[in-house]
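J.: Here's a structure for you.
Bear in mind these aren't lab numbers, they're just calculated from the coordinates by the rules spelled out. Keep in mind the model is a prediction, meaning the values are calculated, not measured. Backbone-built Cβ (ideal geometry, glycine too); neighbour counts: all protein chains shown.
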Amino acid sequence: MNPKKGLWSAIAFATTIGATIAVALAIGIGLGLLLDRVLGTRPWFSLLGSILGLAAGATGAYRMVMREMDRS
């Protein structure tokens, strides 16, 4: 295996994990802010969205890592 190819593959994998967490967190916060604005419950849904978004991102990242470990 080409060492450079392995390095770029690892960098791409780490970037994908980071993006997965960031997108899930952004969606959770965005939905929380939207609900807070509509319902006037600031900051409760924003906090809940943050927690749920982070949990969803961490779960997605965990699944990606486990899938990759099964392949190798």
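J.: Need pairs with beta-carbon distance below 7 Å; first residue over 20 Å from Gly6 (Cβ atoms) and within the stretch 56-70, second of a type in the set (Val, Ile, Thr); sequence gap 6+ or separate chains.
T.: What qualifies is Gly57/Thr20; Gly57/Ile21; Ala58/Ile21; Gly60/Thr20; Ala61/Ile17; Ala61/Thr20; Ala61/Ile21.
J.: Something else now. What is the one condition in (1) surrounded by 12 or more Cβ atoms within 10 Å (Cβ to Cβ); (2) out of contact with any Asp or Glu (no Cβ under 8 Å at 6 or more places or on another chain) that Arg42 does not satisfy?
T.: Condition (2) is where Arg42 drops out.
J.: On to the next question. Which pairs turn up if I take residues in the stretch 34-55 that are more than 19 Å from Ala24 (Cβ to Cβ) and look for partners that are part of a helix (DSSP H, G or I) and of a type outside the set (Gly, Ala, Ser) with beta carbon separation below 6 Å, at least 6 apart in sequence or on another chain?
T.: Within 6 Å, the pairs are Arg42/Asp36.
J.: Out of the residues in the stretch 1-50 meeting the condition of being more than 18 Å from Arg71 (Cα to Cα) and charged (D, E, K, R), tell me which one is farthest from the chain's Cα centre (by Cα).
T.: Step by step, filter the stretch 1-50, then rank; the result is Lys4.
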